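To start, the structure under review is shown below, and the notes come after it.
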Amino acid sequence: MSISTALQTAFSGMKAQSFAIANISGNIANSQTPGYKYTDTSFADLVTAQTPKQTMAGSVVAEARFTTALQGPLRATGVATNMAINGPAFFTVQQKTGDAKFSGNSLYTRRGDFTLNKDGYLVNGADGYLFGSNLDPATGSVTSSGPIKIANASLPGRQSTRIDYAANLPKTPATVASASGDTTPYAIASAVVTDPSLTVPDTNKKVPAAQAPAFLDKSVMGPSLMLYAPGGGPVSFSSRWAKVQDAAPTAVPPKNAIWNLFYSSSSTAAKPSDWINVGSAFSFDSSGKLVPPASATVAGDGSTSLKIPQVVVDGVNVGDITLNLGLGGLTQYATSSTAVTTNTLTQDGSAAGTLKGLSVTAEGTIVGTFSNDMTASLAVAGIATFANPNGLRATSTGSYEQTRESGPPIAGLNTSTIVGGNVEASNSDVAGEFSKLIATQQAYSANVKVMTTAKEMMSDLLNAIR
């Protein structure tokens, strides 16, 4: 190796180590920057000449090695709108320009410390506005694609259309005995039915308010819950079961136990109430299993449901209600209790509600919790993946731009998931960077020593010539 080659090689070594220490400096400086990906340094030798008996060591070149695809640790923040990506995907963001419009240039970032600004947009700490799809909270359909904006969100009231009900009716009603001591089951042909023009079959009948006390004596409580009319107005729905026929398995022909369901036309005790028959005879065989009414709909799996037509309470028309009994949800098994045992009682309506809080699902859906205790999807975060994420070009805002090397963005999470209430921390390891710092400093100093030694040797040669 000639002295001049040594000088050149030492100089390239100093230059390469200077490049490395610059990368180390940036990694240490950004060790607390959310979503930051450290830059490593890769060294390669440049051999200028080589023969079987001699090797001329060449210079060294330093290149950046990116770790964009390397996952950083997730840290809980307690902020519901913060999001961390577990996997190789990126959030889609845009910056605002000086004229308060969006740049139109999509950027991709791992920085998920999103919070709502004064205008209701989700913005991260580097002023990146989260893009995606805004949803209608009532229907879940997409209303717009662009910057996600959540401001003054409200959930309209939802009309009740379905009651899910599962219960076991007693063999003998709990209140069969009236004040007169009558213990016979409630019968359609008895004197408690007001309108004598209504005859068997026992459908589309009502017990008028004047005969309600006798009816209450010979019936048991059915499903009672709050329903919601069109627009979300609450309506108190109360119902009662009345047994109209005992089971007589030895009779010819055998008879099954039959019940009718009635609901009150008034929600207040102060107002006299008619009791409206829902129009279906609920029949039970000798084992206590439901024989679906003729008006019922039986699904392929055996699930039973039927329609209660035009429920009207306090003059408010709730509309048709589907009573969903499920698979074996209504029975008349012998139990120690003489009251109805309710196992399931829910409905699908709700009052109007205002937004109380937000959360983020693993799929990147932003969900609102409302004052009516309902939840609804409000937006879906825009997520993209790349075939070569290390080919993305970093920008000064902690985001990345698409390049030819990265390939085009692929919409969706792919194998990634979103973790709400968390941010991804920098993947830079300060302890590891300090180790590299020491090694880089020693290598730089050694190259300086080679250069000074070669300089002295050159000076000695020049002095010898003189």
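Descriptive notes on the structure:
- Residues satisfying the stated conditions in the stretch 426-466, i.e. of a type in the set (Gly, Ala, Ser), surrounded by fewer than 18 Cβ atoms within 10 Å (Cβ to Cβ) and farther than 30 Å from Leu7 by Cα: Ala431, Gly432
- Members of the stretch 380-398 found to be surrounded by 20 or more Cβ atoms within 10 Å (Cβ to Cβ), modelled with pLDDT under 95 and over 13 Å from Ala69 (Cα atoms), listed by number: Gly398
- Unique match (being open to solvent by less than 30 Å² (accessible area, probe 1.4 Å), over 40 Å from the mean Cα position of the chain (by Cα), under 18 Å from Gly432 (Cβ atoms) and of a type in the set (Val, Ile, Thr)) among Thr5, Thr41: Thr41
- Counting only strands (runs of 3 or more DSSP E) that sit wholly inside the stretch 58-153, those with at least 3 residues that are farther than 22 Å from Ala376 by Cβ are 60-66, 74-76, 83-86, 90-94, 107-109.
- Glu405 being touching a helix residue (DSSP H, G or I) at 6+ places or on another chain (Cβ under 8 Å) and not small (Gly, Ala, Ser): yes
- Cβ-Cβ under 6 Å pairs, at least 6 apart or on other chains, the stretch 294-320 side open to solvent by less than 70 Å² (accessible area, probe 1.4 Å), far side of a type in the set (D, E, K, R): Pro309/Asp320; Asp320/Lys307
- Within the stretch 217-234, the set of residues being open to solvent by 40 Å² or more (accessible area, probe 1.4 Å), part of a loop (DSSP other than H, G, I, E, B) and not polar (S, T, N, Q) comprises Pro230, Gly231.
- Complete set of residues in the stretch 70-104 that are open to solvent by 70 Å² or more (accessible area, probe 1.4 Å) and either among the aliphatic types (A, V, I, L, M) or free of Cβ contacts under 8 Å to residues at least 24 places away in the same chain (or both): Leu70, Ala76, Gly98, Asp99, Lys101
- Just one of the listed residues (Ser4, Ser12, Ser25) is closer than 15 Å to Val450 by Cβ, at pLDDT 85 or above and not in a loop (DSSP other than H, G, I, E, B), and it is Ser12.
- Residue check for Pro408: under 30 Å from Ser133 (Cα atoms), surrounded by fewer than 12 Cβ atoms within 10 Å (Cβ to Cβ) and either basic (Lys, Arg) or modelled with pLDDT of 90 or more (or both): yes
- Yes/no for Asp348 being out of contact with any Cys (no Cβ under 7 Å at 6 or more places or on another chain) and open to solvent by 60 Å² or more (accessible area, probe 1.4 Å): no
The values are calculated or read from the model by the stated rules, or taken from the named source; none is laboratory data. Keep in mind that what you see is a predicted model, and the values were worked out from it rather than measured. Because the Cβ atoms are built from the backbone with ideal geometry, glycine has one as well, and the counts that use them run over all protein chains shown. Heads up: the accessible areas ignore ligands, DNA and RNA and are worked out on the full protein's heavy atoms, side chains in. Shrake-Rupley method; radii C 1.70, N 1.55, O 1.52, S 1.80 Å.
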